[in-house]
Ligand SMILES: [Zn+2]
């Protein structure tokens, strides 16, 4: 049975909650870790590395979180599932895999090629 838009919305709302929780965790960790308070150079190096890794992870999560929010707003506008670039309906299979997708597969691959 193909997934319904109502089900996709439910999944997006869950995803938003989950991301919000994870973002809070990472941000708390980054704050608490701090850098430069270690007695050993080796530890300090590891901490810097870990903090950078946390920060890039947080950045990626924030990006996804924003996309999820935008997708949820589209339910209210009635534009959910419509490609932002060409206006075509995004394939349900694609939305099932990536419910926050803003572009159809064609437009997405074109955008990735341009990068
Ligand atoms: Zn498109």
> What does the helix-only formula give at 222 nm for the chain: each DSSP H stretch with n ≥ 4 adding -39500 (n - 2.57), the total divided by the residues, and the result rounded to the nearest 500 deg cm²/dmol?
Replying inline: -24500 deg cm²/dmol
> Say R0 is 25 Å: what FRET efficiency, to the nearest 0.05, do residue 5 and residue 63 get from their beta-carbon distance?
Replying inline: 0.60
> Given Cα pairs under 8 Å that are at least 6 residues apart, what percent is the relative contact order of the chain?
Replying inline: 27
> So what's the angle, to the nearest 10 degrees on a 0 to 90 scale, between helix 5-33 and the longest Cα principal axis of the chain?
Replying inline: 10
> In nm, to one decimal, how far is the residue 85 label point from the residue 31 one, both placed 7 Å along Cα→Cβ?
Replying inline: 3.8
>> Expected output is a single nm value to one decimal: the length gained when fully extending between residue 18 and residue 77, i.e. 0.36 nm times separation in residues minus the C-alpha distance. What is it?
In response: 18.9 nm
> Volume per residue, Å³, of the convex hull around the alpha-carbon atoms of the stretch 5-114?
Replying inline: 117
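Readers should treat all values here as calculations from the given coordinates under stated rules, not as data from a laboratory. Everything numeric in this text was worked out from a predicted model, so none of it was measured. Every residue, glycine as well, gets a Cβ built from its backbone with ideal geometry; the counts of neighbours run over all protein chains shown.
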